[in-house]
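Remarks on the structure that follows.
The values are calculated or read from the model by the stated rules, or taken from the named source; none is laboratory data. Everything numeric here is computed off the predicted structure, so don't read it as measured data. In this analysis, Cβ positions are derived from the backbone assuming ideal geometry, glycine residues included, and neighbour counts consider all displayed protein chains.
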Amino acid sequence: MGNLMWAGVGFVICIFSSLLIIIAFATPYWIVPEDGAIVSTQLEKLGLWEICFAGYSDHRDSFGRTYNGCWWIFAREYDAIRKYLITGWFATTQALMTVSVILSLCSVLFGLLMLLNCMPSIAQKYSAIFVCLSNYLIFVLIAVGLIYFGTHADTDRSWLRFPNLRTLSWSFYLAAIGGILALLSALAYTLYWMKVRVAGRHSTAYRAHELRTYRTDRYYR
């Protein structure tokens, strides 16, 4: 029961972590203009997959169009300037967050199966290892992605105009909290795996296996 408690704690934290990561992944509030700076920046809000402009124009757009409203970043409306919007650091953050979302969903699934105790004991142990390592990896991926995004979004002057008038918003910080929760979930699952491992070494089946191995070794000597 004590072992399962740590799996339950890890699972609950993992659910909250996954929710925050998914919300951050899907919402367009990674960057917003500072108060009163919408006219200057010509930007309303920006996420990993959606950008909302307010009369934005780019001299690199050969058609000289003005962009208004919210569009998916891969919409045809952004064909002329997409390569300027999706820079290397921006695409890297997209990729890292995408992998984090996939791993978080897999962690929730395997965590649920562990709590239901519907797998053999060996599968239960390896599932704990998978969930534990996945959450550690999620933390690392999100940390790298957010550092990369945060340091470039405010300094890259070849991206969008007036970087000094933009600020990171709540979607960015939700991703950060989700990454921290993933780390806490990984620690809980680490404790669970350690307790299961120790319990397994003290089980009757394990002692019988050790005894058979010992007798076999003595026989061949």
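Annotations for the structure displayed:
- Of all residues making up segment 166-184, the number that are crowded, with 16+ Cβ neighbours inside 10 Å and either over 13 Å from the mean Cα position of the chain (by Cα) or among the acidic types (Asp, Glu) (or both): 4
- Flag: residue 84 does not match the condition of being in contact (Cβ under 8 Å) with a residue 24 or more places away in the chain, surrounded by fewer than 21 Cβ atoms within 10 Å (Cβ to Cβ) and within 19 Å of the chain's Cα centre (by Cα).
- Of all residues in segment 31-49 being touching a strand residue (DSSP E or B) at 6+ places or on another chain (Cβ under 8 Å) and among the charged types (D, E, K, R), the one that is farthest from residue 92 (Cα to Cα): 34
- Within segment 12-54, the residues that satisfy the criterion of being in a helix (DSSP H, G or I), farther than 18 Å from residue 102 by Cβ and either within 24 Å of the chain's Cα centre (by Cα) or of a type outside the set (A, V, I, L, M, F, W, C) (or both) are 12, 13, 40, 41.
- Boolean, residue 126 is at pLDDT below 95, of a type in the set (Ser, Thr, Tyr) and either touching a strand residue (DSSP E or B) at 6+ places or on another chain (Cβ under 7 Å) or more than 19 Å from residue 14 (Cα to Cα) (or both): no
- For residue 92: the one exception among (1) closer than 20 Å to residue 26 by Cβ; (2) loosely packed, with under 15 Cβ neighbours inside 10 Å; (3) more than 10 Å from the chain's Cα centre (by Cα): (2)
- Scanning segment 114-128 for residues that are aliphatic (A, V, I, L, M) and surrounded by fewer than 15 Cβ atoms within 10 Å (Cβ to Cβ) gives 115, 116, 119, 122, 123.
- Against the test of being modelled with pLDDT under 85 and not hydroxyl-bearing (Ser, Thr, Tyr), the options 64, 47, 8 yield a single qualifying residue, 64.
- Of the residues making up segment 55-72, just one is in a loop (DSSP other than H, G, I, E, B) and at positive phi, namely 64.
- Matching residues in segment 83-119 - criterion: being of a type in the set (Ser, Thr, Tyr) and over 25 Å from residue 153 (Cα atoms): 104, 107
- Among the residues making up segment 20-45, those that are of a type in the set (A, V, I, L, M, F, W, C) and in contact (Cβ under 8 Å) with a residue 60 or more places away in the chain are 20, 21, 22, 23, 24, 25, 30, 31, 32, 37, 43.
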